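*Asks:* Would you mind keeping the following structure in view while I ask a few things?
The values are calculated or read from the model by the stated rules, or taken from the named source; none is laboratory data. This structure is a prediction, so every number in the text was calculated from the model and none was measured. Using ideal geometry, Cβ is built from the backbone for each residue, glycine included, and neighbour counts are taken over all protein chains shown. Protein only, heavy atoms only, side chains kept; ligands, DNA and RNA dropped before computing areas. Shrake-Rupley method; radii C 1.70, N 1.55, O 1.52, S 1.80 Å.
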Amino acid sequence: MILKLNHIVICFLALLFLLQVQQASAQYTYRWTPTDQFYLSAGFLKPFGVEDLVPFGYRLDNGSAIPLHKGATGVVSDPLPVTEQRYFSTVRYAFRDSMVTAATLTVKNISDKRAGIEKVLDQYFGHADYKNVRESVYSDEDFAVNLRVADQTLSIVSLDHQALEEQAYPNINLRNYGDNGLFWYDADTARAIGLAFYNQVTKENNVQPAFRLYYRSPVSINLKSVVFELGNGKKISFPVNTITEKGLQKVTRCYWNYETGREILRSEKVTVCLQGTETVRYVMPAYQRHSLQTAVQFYKENVTNPLLQYKGW
C-alpha cells in the first residue's frame, strides 16, 4: 500500500514538473502568459509626450466612460483631450465591435508643427510612402499614418484591426473579400495609383485571388500591363484590360495565384510598374502590401479549411 502511494506521489510530482517546464518554455519562447492581453500601441507618439492613448485592439465594456456615437464610417468617440498638448489637442477613436481600430489626433497649428512631426515619423518608419502639399503618408506592417494639412489631423490606423470587407454580386453569385484599408498612392499632385488585392468566391465556393488597380491622371497612358519588380531582379507581369470611367483607367479584376502572391511578399522591396504609352512606377507602400498579405492568408485558410464541407461549423 505504501509503495503504491509512493508511486502515485512520484507520478504526480513528475507531472507537475513537466507542466512547469512546459509553461516556462512557452513563456520564454513567446513572452506570453495566459493573462496577457493583445494590445498594440503607437510607439512613435512617445517623442511628443503622448503615451496615454487607448491601445489598438482594446475592447471597451458597457461601463466605459468614453462616449460613443454613430459616425459616417462607423462608431466613433467624441473628441477627448490629450494629456500632453504641445503638438496635439484632442483625439477621436474609431471602433469596430467595441474594439479600437483607429485614432485621429487634432494637430495644433499644423503649418508650424508639420516639419517636427514628419521628422519623428521619418525616424520611426524610415521614410514616407509619399509627401505632397496636402498630406504625408507613412506605413509599416502594423500601422498606416496620414498627416492631413487641410484637416489638421494625424490619423493612425491599425492595419491588423481593419475590417475584411465583403462585396456581394447576387446576380452572378460572386462575393469578394478584401481588407478595407488605404487604397490610393499619390505619385504626384496630378497622378495617383490605387491598388488592392482581394479574393473572389464563386457560387461553387471556389476561391480566386485577384487585384484591382485604378490609375487617375489628366492624361491616359493606355495601360497594357502591370509589372511587379522584385528585389532579386525578377519581374512578374500581368497583361490587363482597362475600362475608363469618370477620368479613371480601371483594372477591376486581374487574377494571380497563391505562389505568386507569396513570392511577391517574400521580396523586401516591390516596385509596381504601369506600362502603356508611357511607364509609371512606384515602390509599393506597406499599406498596399498588407492587402496582399491579407488576401494570401484568406486564400490559404479557405482552400485548406477541412470544416468547410460541414454545414453548421
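*Asks:* Peptides 71-81, 174-184, 136-146: what's the order by average Cβ count within 10 Å, highest mean first?
*Replies:* Details: 71-81: 13.1, 174-184: 18.4, 136-146: 20.4.
Order by mean packing, descending: 136-146, 174-184, 71-81.
*Asks:* By how many nm would the segment from Glu141 to Thr73 grow when fully extended, if each residue of separation counts as 0.36 nm and the alpha-carbon distance is taken off? Working shown, then result.
*Replies:* Values: separation 68, 0.36 × 68 = 24.48 nm, distance 2.31 nm.
So the chain would gain 22.2 nm between Glu141 and Thr73.
*Asks:* Towards the positive end of the charge dipole of segment 163-312, with charges on Cβ (+1 Lys, Arg; -1 Asp, Glu), say which of Cys273, Gln293, Pro239 has the farthest Cα.
*Replies:* Ranked along the dipole, the leading option is Pro239.
*Asks:* How much net charge surrounds Ser139 when only the other residues with a Cβ under 10 Å from the Cβ of Ser139 are counted, with Lys and Arg +1 and Asp and Glu -1?
*Replies:* Details: positive: Arg289; negative: Asp129, Asp140, Glu141, Asp142.
Surrounding charge for Ser139 is -3.
*Asks:* Then there is this: For Trp184 and Lys269 in the same chain, what is the full-extension length gain: residue separation times 0.36 nm, less their Cα-Cα distance, in nm?
*Replies:* Contour length minus the Cα-Cα distance gives 28.8 nm.
*Asks:* For Lys235, go through the aspartates and glutamates and keep the ones whose alpha-carbon is under 15 Å away, minus same-chain ones fewer than eight residues off.
*Replies:* Glu259, Glu263, Glu268
*Asks:* Taking the Cβ of Tyr214 as the center, what net charge do the other residues with Cβ under 15 Å away carry, scoring Lys and Arg +1 and Asp and Glu -1?
*Replies:* Numbers: positive: Arg191, Arg212, Arg216, Lys246, Lys250, Arg253; negative: Asp186, Glu245.
In short, +4.
*Asks:* Could you work out what % of the accessible surface of segment 36-82 is carbon and sulfur, using a 1.4 angstrom probe and leaving DNA, RNA and ligands out of the count?
*Replies:* Numbers: 1570 of 2950 Å².
Roughly 53 percent, rounded to a whole number.
*Asks:* Also, I was wondering about something else. Would you mind telling me the share, in percent, of accessible area of segment 163-312 contributed by carbon and sulfur at probe 1.4 angstrom?
*Replies:* Working: 3780 of 8260 Å².
With neighbouring chains kept in place, the figure for segment 163-312 is 46 percent.
*Asks:* If you find the alpha carbon centre of segment 228-261 and of segment 87-118, how far apart are they in angstrom?
*Replies:* Here the answer is 34 Å between Cα centres.
*Asks:* Moving to a separate point now. Using the heavy atoms of the protein chains and a 1.4 angstrom probe, tell me the accessible area per residue for segment 40-161 in square angstrom.
*Replies:* 51 Å²
*Asks:* Then there is this: If you add up the charges near Asp97, with Lys and Arg at +1 and Asp and Glu at -1, over every other residue whose beta carbon is less than 15 angstrom from its beta carbon, what do you get? Show your work: numbers first, answer last.
*Replies:* Working: positive: Arg59, Lys70, Arg96; negative: Asp61, Asp160, Glu165.
My count for the surroundings of Asp97 gives 0.
*Asks:* Another one. Can you spot the aspartates and glutamates whose alpha carbon is less than 12 Å from Lys70's alpha carbon? Ignore those fewer than 8 places along the same chain.
*Replies:* Asp78
*Asks:* Filter the cross-link list Lys46/Lys108; Lys46/Lys269; Lys224/Lys269; Lys224/Lys250 down to pairs whose alpha-carbon distance in this structure exceeds 19 Å. Please report the intermediate quantities before stating the final value.
*Replies:* Numbers: Lys46/Lys108 17 Å; Lys46/Lys269 28 Å; Lys224/Lys269 23 Å; Lys224/Lys250 11 Å.
Listed pairs above 19 Å: Lys46/Lys269; Lys224/Lys269.
*Asks:* May I pose another question? Quote the charge dipole size of segment 40-161 about the Cα centre in Debye, to the nearest 20; the model charges only the Cβ of Lys and Arg (+1) and of Asp and Glu (-1).
*Replies:* Dipole of segment 40-161, to the nearest 20 debye: 420 debye.
*Asks:* Expressed in nm to one decimal, what extension gain is obtained for the pair Ser220 and Ser98 from 0.36 nm per residue of sequence separation less their Cα-Cα distance?
*Replies:* Details: separation 122, 0.36 × 122 = 43.92 nm, distance 4.37 nm.
Result for the pair: 39.5 nm of gain on full extension.
*Asks:* Dipole of segment 39-168 (Lys/Arg Cβ +1, Asp/Glu Cβ -1, origin at the Cα centre): which of Tyr130, Ala163, Phe143 lies farthest to the positive side?
*Replies:* Tyr130
*Asks:* Mind ranking 40-53, 91-104 by how tightly packed they are, going by the mean number of other C-beta atoms within 10 angstrom, highest first?
*Replies:* Numbers: 40-53: 16.3, 91-104: 19.1.
Top to bottom by mean Cβ count within 10 Å: 91-104, 40-53.
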